[in-house]
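Shown next, in structure tokens, is the structure this report addresses.
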């Protein structure tokens, strides 16, 4: 059974359709990438899955349960999902450790000591052990984004949503964040990532989806999308990416 | 100075630049000093040569009455400090609660939100002195069980009602200044609205509103004298009593000086905090 099912989702902002009937299935341990130009609807789709946006039509199912039902407890759904944002969005008034243990302690009721031990393990795993007591503004962008990923992981989510997590980083820092995502895949984490890192996307994805104007024009394994795309628009997009030197 | 830690010797050109900068800085300081002295002398000459100066000096700057009034006004001033110290925490509590009430969006809390809005609208509109009058004379007149009749308590209630509305608005501005992405991050971790407020939004908002809050508290320190209007013997009231029997206004000068002595450290502290915040964001 699929872990997440997106069924004909529409989303409008002030009369302008941002998502126009998106369908997607994500199986456990699958890594799905969303590619496409800015404004194609990638981020909006992730925010709909996280219920930060309410869909205007269609439905989203998590573990077979419809989460777009207005009677569903949104906090309960979000407890099962982890999201990482382009701008990190760490809490600036808390140390790295407090950022990570906030949700386990205050939402999942884990005791302080246990939460901190678990956070310490995660930090060590991603090479951040010495940063536990630092504040976000004392870290580089890449370190901040790794902390944000650890923060999302600390609640043991069923599914991770990564929203252009490297777009605010310089090329050197991109590498360290991508390495973390690779590790997550190896550990079997199910992920949906919106990304502009085409080389990485090709490497890591099981399925690549090309979005344009809120429509999923093409979907398939990376070898197919990147070498033999069916749709003319996909070819144009990939050529543009190639010409800009980002592949 | 001329040699840095890495052993690089400053060039002749750079030394010349620094010499010019130092001499300019010295010149600025001397100009500022000279113009201050000139200004003070001008004001003193102007005031002391005015036709009414001997009379004003006698009425407002009488050393004899200054010494006589000081003990009573000072003891009254201790009451001002007491009122301030009691009212301040109460105002903070009211301010935070009202600001939070205005931020709740759940439909069941509509009456709470409406009430909080009504409260800030009313108490920001009514002059503090009127609030103190209404509370001081109006509340006891109800003759309800449990309503305090002590005038100082009533004065504190009046000040709290009036300033609570201002402080609530300061907190609300602070809450709204926290970027929505912080709320999105907290909510997506599964934190409820209440926990998001408590752990993420309020701590950040509070740090930002400290300078404007201190500004309101400086204002509160002097507005404690408004409580005089309903009777308690605080600094202003003491000064009034002495002035009325002595036909001399020097006691008011005493009271003013005491208030200034209290507010200036607070004002400098506020400036210091504001400067620190600027540096951090800088």
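Readers should treat all values here as calculations from the given coordinates under stated rules, not as data from a laboratory. This one's a predicted model, so the numbers in the text were calculated from it and none came from an experiment. Neighbour counts run over all protein chains shown; Cβ positions are idealised from the backbone, glycine included.
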- Message: Over the Cα atoms, compute the radius of gyration (one decimal) and Dmax (the largest Cα-Cα distance, rounded to a whole number) for the stretch A:24-133, in Å.
- Response: 16.6, 46
- Message: Taking 22 Å as R0, compute the FRET efficiency from the Cβ-Cβ separation of residue B:50 and residue B:246 and round it to 0.05.
- Response: 0.40
- FRET efficiency, 1/(1 + (r/R0)^6) with R0 22 Å, evaluated for residue B:271 and residue B:40 via beta carbons: 0.45
- Count, for each residue of B:178-188, the Cβ atoms from other chains sitting within 10 Å of its Cβ, then give me the mean as a whole number. 6
- Relative to the first principal axis of the alpha-carbon coordinates of chain A, what is the inclination of helix A:141-153, with its axis defined by its Cα atoms, in degrees from 0 to 90 and to the nearest 10? 90
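How do the peptides B:39-49, A:39-49 rank, highest first, by the average count of neighbouring beta carbon atoms within 10 Å per residue? Display every interim value, and only then the final one.
Values: B:39-49: 10.1, A:39-49: 22.6.
Going by the mean number of other Cβ atoms within 10 Å, highest first, we get A:39-49, B:39-49.
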- Item | Separation of the residue A:133 and residue B:12 label points, Cα + 7 Å toward Cβ, nm | 5.2
- Item | residue A:16-residue B:149 pseudo-label distance in nm [points 7 Å out on the Cα-to-Cβ vector] | 6.9
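Label the stretch B:1-83 by shape, choosing from rounded, prolate and oblate, from the square roots a ≥ b ≥ c of the eigenvalues of the Cα gyration tensor; if a/c is under 1.5 it is rounded, and otherwise prolate applies when a/b is larger than b/c, oblate when it is not. Mind dumping the intermediate values first?
Details: a/c = 6.95, a/b = 2.16, b/c = 3.22.
Note, shape of the stretch B:1-83 comes out oblate.
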- Message: Rounding to the nearest 10 and keeping the result within 0 to 90°, find how far the Cα-based axis of helix A:232-243 lies from the longest principal axis of chain A.
- Response: 50
- Per the C-alpha gyration tensor (a ≥ b ≥ c, the square roots of its eigenvalues), the stretch A:4-243 is rounded if a/c is under 1.5, else prolate if a/b beats b/c, else oblate; here it's oblate
- Relative to the longest principal axis of chain A, what angle (0 to 90°, nearest 10) does the C-alpha long axis of helix A:96-106 take? 90
- Assign one of three labels to the stretch B:241-282, namely rounded, prolate or oblate, based on the Cα gyration tensor with a ≥ b ≥ c the square roots of its eigenvalues; rounded applies when a/c is under 1.5, prolate when it is not and a/b is larger than b/c, and oblate otherwise. prolate
- Across bins of 10 angstrom width beginning at 0, how are the C-alpha pair distances of the stretch B:77-281 distributed, in whole percent? 8, 28, 31, 20, 9, 3, 1
